[in-house]
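Below is one structure, written out as structure tokens; the observations come after it.
Read the figures in this text as sums done on the coordinates, not as results from a lab. Nothing here was measured: the structure is a model prediction, and the numbers come from that model. Positions of Cβ are generated from backbone atoms using ideal geometry, with glycine treated the same way; all protein chains shown enter the neighbour counts.
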Amino acid sequence: MLGPEFSHLSIWHVHLDPELVNTYHLLLGKDCPSEQVILRDIHRTFPAHENFKEAGGEGQESLYKISKAYSLYDEEVSYCQGLSFLAASLLLHMNEEQAFCTLVKIMYDYQLRDLFKLGFDSLHLRFYQLTRLLKEYESNLAAHLDHIGVETHMYASQWFLTLFTAKFPLQMVFFIVDLFLSEGMNTIFHISLALLHDAAADLIQLDFEGALKYFRVTLPRKYRTEANAKALIHRAVEFK
């Protein structure tokens, strides 16, 4: 864990909505058009983690139920590929009912679902905003990425759509989710800028293929240590 300065963890304190819990159980009894997509995603969600590695195990079953219920609850967005990573991260700290209520809160109250809406207009707006922020805070890196043809969506799509849960170490993910529940969408920008700051010196040396591999593989690995993860969170908070 990252130490006592991060121990408040608001995700532990999301209150259960009795009406939403009742809706959750009702939805589980319905047919789900997205079932095959959900099942395929579940098998790719934290496959090495003890809680989710067993096919048909308790962890995968809980993840399936939450993903199914959300896809039926949110008829406009339905199931979004990658949503299982966020749901799984929540399940590691709370039961199914709490995880479902928290997921709904994140998607609706914090407008994360807007990023998935038809046309992805909101998502593209966020990419534009991050591009402008990168030019302001890391102008040399912004110029280099532009020069080698790396566009913001090529590395930031997963950051926005999964709240960093798909690739980054879980010890860091928990605190990113916590910050998001405290600060909202700005958290994604702050974490993104902190990551780009950390990566700037390396990325400036790389070509197109090298940069994409760096974002995909090397960058997440940097935060496997407690010290690096803690430093990133502190740096992100400083952007407030």
> Roughly how many nanometres apart are two label points built 7 Å out from the Cα toward the Cβ at E151 and H124?
Replying inline: 0.9
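What does the charge dipole of the stretch 5-148 about its Cα centre add up to, to the nearest 20 debye, if the Cβ of each Lys and Arg holds +1 and the Cβ of each Asp and Glu holds -1? List each step's numbers first, then the result.
On the way: 12 positive and 21 negative charges, 66 e Å.
Rounded to the nearest 20 debye, it is 320 debye.
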> In whole Å, how far is the Cα centre of the stretch 118-140 from that of the stretch 32-102?
Replying inline: 29
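Percent relative contact order of the chain, based on C-alpha pairs within less than 8 angstrom and at least six residues apart?
On the way: 251 pairs, mean separation 48.3, N = 240.
The value is 20 percent.
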>> Once you order the gyration tensor axes a ≥ b ≥ c over the Cα atoms, which shape class does the chain get: rounded for a/c under 1.5, otherwise prolate or oblate by comparing a/b with b/c?
In response: prolate
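Mind checking Rg over Rh on the stretch 9-109, alpha carbons, Kirkwood formula for Rh?
Values: Rg = 12.6 Å, Rh = 13.5 Å.
Computed over Cα atoms, the ratio is 0.93.
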>> In the stretch 54-120, if the dipole is taken from +1 on Lys/Arg beta carbons and -1 on Asp/Glu beta carbons about the Cα centre, which of F100, G119, G82 is farthest to the positive end?
In response: G119
>> With θ taken as phi - 60° and the coefficients 6.51, -1.76 and 1.60, list the Karplus ³J(HN,Hα) couplings across the stretch 147-156 in order, rounded to whole Hz; mark glycine and proline as x.
In response: 5, 8, x, 8, 8, 4, 5, 5, 10, 9
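Return the FRET efficiency for the residue pair V217, K135: r is the Cβ-Cβ distance, R0 is 30 Å, and the value is rounded to the nearest 0.05. Could you put the intermediate results ahead of the total?
Working: r = 26 Å, r/R0 = 0.85.
For V217 and K135, the calculated efficiency is 0.70.
Hey, got the dipole for the chain? About the Cα centre, +1 on K and R Cβ, -1 on D and E Cβ, debye to the nearest 20?
So the dipole magnitude of the chain works out to roughly 500 debye.
Rg to Rh ratio, the stretch 116-237, alpha-carbon atoms and Kirkwood radius? Intermediate values should be presented prior to the final figure.
Numbers: Rg = 13.7 Å, Rh = 14.6 Å.
A ratio of 0.94.
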> In debye, nearest 20: dipole of the stretch 116-237 around its Cα centre with unit charges on the Cβ of K, R (+) and D, E (-)?
Replying inline: 280
> Taking the Cα atoms only, what angle lies between the long axis of helix 170-183 and the longest principal axis of the chain, rounded to 10 degrees?
Replying inline: 90
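Place the peptides 97-110, 59-72 in order of packing, highest mean first, counting for every residue the other Cβ atoms within 10 Å and averaging per peptide.
Details: 97-110: 20.1, 59-72: 21.9.
The most tightly packed comes first, giving 59-72, 97-110.
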> In the structure displayed, which of K53/K105; K65/K222; K105/K135; K167/K230; K167/K213 lie more than 22 Å apart, Cα to Cα?
Replying inline: K53/K105; K65/K222; K105/K135
> Which whole-Hz couplings ³J(HN,Hα) result when phi for each residue of the stretch 187-199 is put into the Karplus expression 6.51 cos²θ - 1.76 cosθ + 1.60, θ = phi - 60°, listed in order with x for Gly and Pro?
Replying inline: 4, 5, 5, 5, 5, 4, 5, 5, 4, 5, 4, 4, 8
